[in-house]
Structures are given as structure tokens and as C-alpha cells.
Amino acid sequence: MSKTKKVDTVEPEANEAETFNYYKERCKYSESLDRSVAYPHKFACSILISQFIQKYDYLSVEERLNDVTETVAGRVMRIAGSSNKLAFFDLVMDGKKLQVFADAREFNHGVEAFIDVKNKIHRGDIIGITGIPARTKRGELSIYLKDVAILSHCLHMLPKPQYGLKDPEVRFRKRYLDLIINTSVRDSFVIRSKVLQHIRKYLTEREFLEVETPLMNQIPGGANAKPFVTYHNYLNLQLYMRIAPELYLKQLVIGGLSRVFEIGKNFRNEAIDLTHNPEFTAVEFYMAFADVHDMLKMTEDMVSTLVKEVTGSYVITYNPEGLEKPAVEIDFTPPWKTLSFVGEIEKQINAAIPRPLESDEAVNFMINVCNKYDIDLPSPATSCKLLDKLCAHFVESQCRNPTFIIDHPQLMSPLAKWHRSNSEFAERGELFVLGRELANFYTELNDPKTQYECFLKQAQDKAKGDDEACFMDKDYCVALEYGLPPTGGWGLGIDRLIMFLSNHYNIKEVIAFPAMRPIKKNLAAPEQA
């Protein structure tokens, strides 16, 4: 007699019609309930799921605390059971899972009430549980059900566990669903919180004052970037979303606040790609009586200690092209390597760039270098943009482990002070990791006359078509006339740092609600409004 081979079957993923019919039925049921019953105002938990796990982890197999009652709440992510009188729920909240052991014989309100409420609970619902801490025969920490309340209904059919939610378009547009299905997504946001806490602690311990500056400016300043434009109806005034808080923060230093910092959003009207989002989080600080050398030391100290605290090591593993591609090790152990901006370019091309760097001769020379090495020419091909292209190709590409690029050309650094040894350069540095800029810092330019002249040069570049050149800000020049002390300034992109610490190669993964292109198709359930 031949044996029949057992074939494992996988339940197919629900189609659009099935999910829509499920939604209609769930809506119908929800609407049949009294609203205050369907969606109660409050539920008092005695303990969080994470606290429950920590508190009762010591329980041995089959041990239960009959004289202890706890009340927890969470989202139902799994329902299993062999009969109407016995069921198991996986309750999830804050990335932690707790099993609910539901036995009709132990339910406070009897068997019939147990069966009724059990049949009303669906995957995705948020419920509150009162029960006894215990560990099952199989060794799983659980709460033995005594009472239950449905706190909020999930009207939609959640993706089945074996299929999950993998489509990035859906994940990034419906981050709430992404977090429900893919609990590991939460890790990036936990790391973000730890990073911000570390930076705040580091700076406040050094007597820095956290401040806030405007997000809407009459004149955008503080960085070379294209701004977003908005309009104030009451003032009948065109405004710009800030590209950096730098000029406001330095005005506070002028006013006598010697150490200030701000963590907040900046906005740049530029391309969206794997490392750029038009709205991003940055931290900037300004320190009176300091210079670029102090900033370099603080960068090395702050970032290296942050990496060690968050990850447990100075060395991290990172997949720059995604988890499917090879990983690299990045070593944040100080001290870090330093490269000269122009010096390294000249070393790589084995030739000196003509001086002055903004001359026609220098521009033509750099264009020829770009052509020789198949480097795309910028538009417009100004000295600043050409130098930036050459640095990206010859210098930034060398920066795998944390590396400082220093001594930028003065013409590229309109807000930085000229180098005390060579006025052709600025006392400026940037931190690069794996070819990506993380931080920018310099000795601040505090000479009002020179600052005005730098703004004029930027205006000339803007007239040539460079929409990223700085705007003229005469009010800031007037503020400088009251005296800005020798000052070191520093800025760091939070999102890119978190990409490294959470091992994500796409910046959208570390931003809760990243910018997305509009789509015609509605990703919500069809016609659900």
C-alpha cells in the first residue's frame, strides 16, 4: 500500500475583494455598537507589557501567582485555540509580546460570556487584559485571563504573518501599519531617541543652553541650499522655510549667550534620494572663544562616545547597499584621519589648481579635470560647484572610516573665517563617513566688512544661476557690527548618523514620515471613506 506524501500548505494572501468585504463587515459590526462601548475613553493598566516581562521573567515552568493580579493592554497579533473554551492571544505593545492564556473555566464572567467576547476579538484589535502572571508548561511567560475589554477595533484585515508588509511604498506611506506588522522598524526610532538624549546631555553638561529659532525667515541663510518658499497672508510677505538656524544662533552669541545649541528641522528644496530628505533633523551649536580646532576635538569626542553608548562598541557593521549586499565595518575609534581639501585633490590629480581659485584660468582647468576623469559638470560651472565636484570624486570617496576634510577654499565658505596661515582657505572642517557628510564646523567669520564682501560674492554666483548660493543678509552684517566674539560653530545631520547606527541605507527608513511622491491610486482601503 503506497503512502500518501504529506504536502505543507500555505494559506494564500487575501485578495483585494476579500480585504474589502472584511472591512465592510467590521464596519457594520462597529457601527452597531454604542460608541462609548466600542471606543471607551480610558483603560487603567497596572503595568506595561515590557514591565510585566521584566518583573515576572523569574517565574519557572508551570509556576503561577494566584494571589497576584495585573492589568495590561496591547494589540492582538495572533489568535489561536483548539475550542471555544480555550484560546491563546499574542498581545503586542512597544515592540514587546506577551501571551494571553484564555481558559473559559478561569474567566470571571462564566463560560457563555467568555465565548461571546472571544468571538468578538479580531486580529489587530487593541484589548485590555486582567489576569494572573504565570509560565506555561512549554515555558512561555503568560498572563492567565480573568477579564477582558475591547478598547479599539481594527477594521482592516492585517497582512498575514507569513507574507508580512514588504512593499516600501506602502511601508513609508502607512508607517503606522509598518510599525504594527514589522516590529523591528521601531528600533530606528528608539536609536533616534537615544542619539538625541546623548547629544543634549553632552552639550548641557558643558554649559550649553538649548534655544529655539524661527522656522520661517524673510531671508534664508546659514547654508548653501535652495529654500522652500511660503507666504504669510496677514503680513502680505513672502517667507522662506529655514535651511539652517546658523545666523540666528550667532546673533544670540552676539547678545551674550556664550554657548547655545538647537535641535530641529531644516528644509532644503532639493532632490530626494537615498541620503536626502527635503525635511531633516539637525543639531547646531555655537561656542564663544573657541575655534575650528576645538570643534574638531568635540566632534571626535561627542560622536565616538555616542556610537559606543548606543551600540556598545566603536566598531559597527553597515550594509551600504542593503542587507542583500556585502557589509563593511566602520571604526569610530579616535583619533580620526584628516585630509586637506585642495591639497588632497591636487595630490590625486598630480597637478596644482591655478590661483586664484575663482579665476577663469582655474575654472577652465577644473572643467578639463572633470572631463578627463568623467566627472559630470555642474550647472552652472562656478568655482564653488567645480571644487565641490572634485572633492566628492577625489577626497570624499576615500572616507570610509570617520575622516575630517579640512581647510576648505574660502570662496566655498562664506560664513567661515579665513585661515590664519593662508587666507585663500577657511578654518573649516567636515566629517565624512563612508563618503557621506555627517558634520560641518568652522571658526566663525566675525568681521562684518569681510562678511559683507563674502555675501556679495555669493550674490554674483546667484546671478550666474547658482540657486544654492547664499542670500545677502544685511541685518546679520549689522548684528556683527556689535561684536561677535571669536566663536566655533558646528552642525550635524541626525538622520544620516542614525542610518549608520541602525544599519539602513535608505534615509526613509529612519524618518517616521518621509517625503514621498504623490500617487494617483489611493493606498487606503478602496472607497472606505
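The figures follow:
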item	result
Sequence-distant lysines (8 or more away, or on other chains) whose Cα lies within less than 16 Å of Lys118	Lys85, Lys146
In sequence order, calculated HN-Hα J values of the range 189-203 (Karplus, 6.51, -1.76, 1.60; Hz; x Gly/Pro)	6, 5, 4, 4, 4, 5, 4, 5, 4, 5, 5, 4, 5, 4, 6
Projected area averaged over orientations for the range 62-124, convex hull of C-alpha atoms, nm²	4.9 nm²
Acute angle (nearest 10 degrees) that the helix 292-311 long axis makes with the longest principal axis of the chain, alpha-carbon atoms	10 degrees
HN-Hα J in Hz across the range 65-79 - Karplus 6.51, -1.76, 1.60, θ = phi - 60°, x for Gly and Pro	9, 5, 9, 10, 10, 10, 10, 10, 8, x, 9, 6, 10, 8, 10
Rounded to 10°, Cα long-axis angle of helix 360-372 versus longest principal axis of the chain	40 degrees
Directionally averaged shadow of the range 16-158, computed from the convex hull of its alpha-carbon atoms, nm²	9.1 nm²
MRE, 222 nm, helices only [DSSP H, n ≥ 4, -39500 (n - 2.57), over the chain, to nearest 500]	-9500 deg cm²/dmol
Gain on full stretching of the segment that runs from Glu346 to Ala38 - 0.36 nm per residue minus C-alpha separation	103.8 nm
Positive dipole terminus of the chain, leading residue within Ser340, Tyr318, Tyr163 (C-beta point charges)	Tyr163
Residues with amide H under 5 Å from that of Leu151, placed H, sequence gap 5 or more	Ile126, Ile127, Gly128
Contour excess over end-to-end distance, with Cα ends at Ala392 and Ser193 and 0.36 nm allotted per residue	68.5 nm
Computed magnitude of the charge dipole of the range 16-158 (debye, nearest 20; Cβ of K, R +1, Cβ of D, E -1)	120 debye
By average C-beta atoms within 10 angstrom, highest first, the peptides 395-408, 460-473, 231-244	395-408, 460-473, 231-244
Distance from the range 237-258 to the range 148-202 (C-alpha centre basis), Å	35 Å
Backbone HN-Hα couplings from phi across the range 491-502 [Karplus 6.51/-1.76/1.60, Hz, Gly and Pro as x]	x, 9, x, 5, 4, 5, 4, 5, 4, 5, 6, 9
Correct choice for volume of the Cα convex hull per residue in Å³ that was computed from the model, options [x] 223; [y] 246; [z] 143	[y]
Set Lys389/Lys449; Lys160/Lys201; Lys174/Lys226; Lys160/Lys265; Lys120/Lys174 screened for pairs whose C-alpha atoms are more than 31 Å apart	Lys160/Lys201; Lys160/Lys265
Degrees between helix 111-120 axis and first principal axis of the chain (Cα, 0 to 90, nearest 10)	30 degrees
Amide proton proximity set for Glu444, modelled H, under 5 Å, gap of 5+	Lys417, Thr487, Gly488, Gly489
Contour excess over end-to-end distance, with Cα ends at Asn236 and Leu456 and 0.36 nm allotted per residue	76.5 nm
Lys/Arg +1, Asp/Glu -1 at C-beta; the chain dipole; positive extreme among Ile121, Ala439, Phe172	Ile121
Point-charge dipole on Cβ atoms (K/R +1, D/E -1) for the chain, about Cα centre, debye to 20	1860 debye
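Bear in mind these aren't lab numbers, they're just calculated from the coordinates by the rules spelled out. The structure presented is a predicted model; accordingly, all values stated were derived computationally and were not measured. All Cβ positions, glycine included, derive from the backbone under ideal geometry; neighbour counts span all protein chains shown.
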